[in-house]
1. Quick one: in the range 414-472, which of the residues that are of a type in the set (Phe, Trp, Tyr) and under 18 Å from Gln251 (Cβ atoms) is surrounded by the fewest Cβ atoms within 10 Å (Cβ to Cβ)?
2. Run His285 past the list (1) assigned to a helix (DSSP H, G or I); (2) in contact (Cβ under 8 Å) with a residue 12 or more places away in the chain and report the number of the one that doesn't hold.
3. Please verify whether the range 182-192 includes one or more residues that are in the same structural domain as Thr83 (by TED's automatic domain parsing) and not in a helix (DSSP H, G or I).
4. So Cys226 fits all but one of (1) over 29 Å from Gly381 (Cα atoms); (2) within 23 Å of the chain's Cα centre (by Cα); what number is the exception?
5. Residues to consider are Ile266, Ile278; find the one that is in contact (Cβ under 8 Å) with a residue 60 or more places away in the chain, surrounded by fewer than 16 Cβ atoms within 10 Å (Cβ to Cβ) and among the β-branched types (Val, Ile, Thr).
6. Is there a residue in the range 445-456 that is over 18 Å from Gln474 (Cβ atoms) and in contact with a Cys (Cβ under 7 Å, 6 or more places away or on another chain)?
7. Search the range 105-119 for residues that are outside the structural domain of Ser147 (by TED's automatic domain parsing) and pair each with any residue that is crowded, with 20+ Cβ neighbours inside 10 Å and not in a helix (DSSP H, G or I) when their beta-carbon atoms are under 8 Å apart and the residues are at least 6 apart or on different chains.
8. Mind telling me which of the residues Trp207, Trp180, Trp212 ends up being surrounded by fewer than 24 Cβ atoms within 10 Å (Cβ to Cβ), free of Cβ contacts under 8 Å to residues at least 12 places away in the same chain and not small (Gly, Ala, Ser)?
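The values are calculated or read from the model by the stated rules, or taken from the named source; none is laboratory data. All values derive from a computational prediction rather than experimental measurement. Positions of Cβ are generated from backbone atoms using ideal geometry, with glycine treated the same way; all protein chains shown enter the neighbour counts.
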Amino acid sequence: MEQGSADAQIVKVGTTSFRPGPRLRYFCYAMLILVLVIFAAIRIRLRNTPLQRDEGEYAYAGQLLLQGIPPYKLAYNMKLPGTYVAYAAMMAAFGETVPGIRIGMLVVLVANTLLLFFLTRRLFGLLTATAAAAFYTLLANRWSTLSLDGHATHFIVLAALAGTLLLSRAVETQSKVILWSSGICFGLAFLMKQQGLTYAVFAGLFWIGSEWRRSANWRRLLSGLCVLASGLSIPYLFTCLVAGYAGVFHQFWFWTVRYGAAYEKIVNWSEGWKNFNINWPSVPHPAIIWWMAGFGLTALFWNRRGREHNVLILSFAFFSILAVMPGLYFRQHYFLVLLPVVAMLAGLAIGAPYESLEGRGRISMLRCLPIVVFLVAYFSGLIGQKKYFVRMTPLQISRQMYPEDGFAESRVVGDYIRDHTSDHDRIAVLASEPEIYFYSHRHSATGYLYMYPLMEKQKFAHRMQQEMIHEVEQSEPEMIVFTDNMFTWGCKPKWPEVSPEPSMDMFVWMHHYLDAHYRQMVEVPAYSRAGSSCSYFVYRLR
């Protein structure tokens, strides 16, 4: 068992004991500071990268919260509201601007890095923790996994790492307060997005297994499980109470439970496999880190501390994989929940060989080899991405990540609406671009921030179309934004969740309604690397 700080403990490997020396400690802490500074510098340089649609949804919902308007009143979505609250907190601290959100996400990702460092140091020691933290900062700065964006999965990682750190401490100390706090964290992971529920299952099963191995005392096992379950349930129960008090429980239940269940059933296993094959190839980069993680996986069986904690790491990895799978959509940012365990295993590929060589009294040059490998892996991964980290502008990176979307142009549209309407005017965006509501600082005439649900192969689609039409007509928005980019309507053959023959009722109504009541004010051509021509059209009430 660990005693005192993780870096000061005596580690036994084979028959030899050693204490990490001061030079190793100084190197590790200096390296940790360096990688965090580099990470922060990159993020700050890219702070003006335009928001994409998911970020626009979170930012708009957070903006409404800061105005005292609860989720699901003017903004419908199947996600639980934890990320909305997180965005509201970031904007309250750093401003309701794109740079403010980016700085807030920097704080979140630094927190993720430090939590991973503390958890790995507790389990495997200081050198492994330092390498894991450094590798995580590289993995969390990849445009190909969309990790540059402020996705809900980053917040799931934050809560899951905090919960796992507390859970490991609770297993050791048998503290019910720490166990309850761990449950709160895992409950928050679920509240950030439903796929975070897998970590709650991980926590319960790991606690049961740990207690059973300890004493097989059913009374103590069940008592601890009840404590953990009470912590897990509090965030969700509190959310239900707040939704009921705010008068939006009906909408909250429909979108997060009834529609959410229907959405999860749209894609079958065959279509899910196609989704996986499309999106997975972009994930395992930089390749050197993933290869090292594979080697680190073997250390769970030949390294002493690896064997001691292999159940925790393997189960955490298994449930992280499950967290990628809900709905079988396998979108790129879903894989962000895998990054902590990959970074930890890659770090173990450095720490385990170092301890093995040190414990056998090998010559100094040979003992330094794992550290050299660590430095080469980190800086080669950093240099390999210098095009994105140093050369490309935020606008170029946005267009590289989203070649078929006009996220930069949606900012222009939002600014135009803000300049040509008053604060009390409502607008409607007939597209899946909620970031326009955030940029314009105007309330939506309909709660449908996305057109995707209206086009999907699910039983509520027709009802949603009629409800959206009714809300727009009843509100008579001052301005309406429409785009002829069918990607933002979800009308793409490669998307199995969208009906191959979507109802045209929406488009017929939309054109008749705009012709009868609105006049076109401006057209904003949108960039498309694929060469397709599409624009945002802004209409004003006659």
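1. Filtering the range 414-472 for residues that are of a type in the set (Phe, Trp, Tyr) and under 18 Å from Gln251 (Cβ atoms), the one surrounded by the fewest Cβ atoms within 10 Å (Cβ to Cβ) comes out as Phe460.
2. (1)
3. Here is the first cut: in the range 182-192, the ones in the same structural domain as Thr83 (by TED's automatic domain parsing) are 182-192.
Keeping just the survivors that are not in a helix (DSSP H, G or I) gives none.
No, there is no match, as no residue in the range 182-192 is in the same structural domain as Thr83 (by TED's automatic domain parsing) and not in a helix (DSSP H, G or I).
4. (2)
5. Within the list Ile266, Ile278, the selection yields Ile278.
6. Scanning the range 445-456 turns up at least one residue that is over 18 Å from Gln474 (Cβ atoms) and in contact with a Cys (Cβ under 7 Å, 6 or more places away or on another chain).
7. none
8. Trp212
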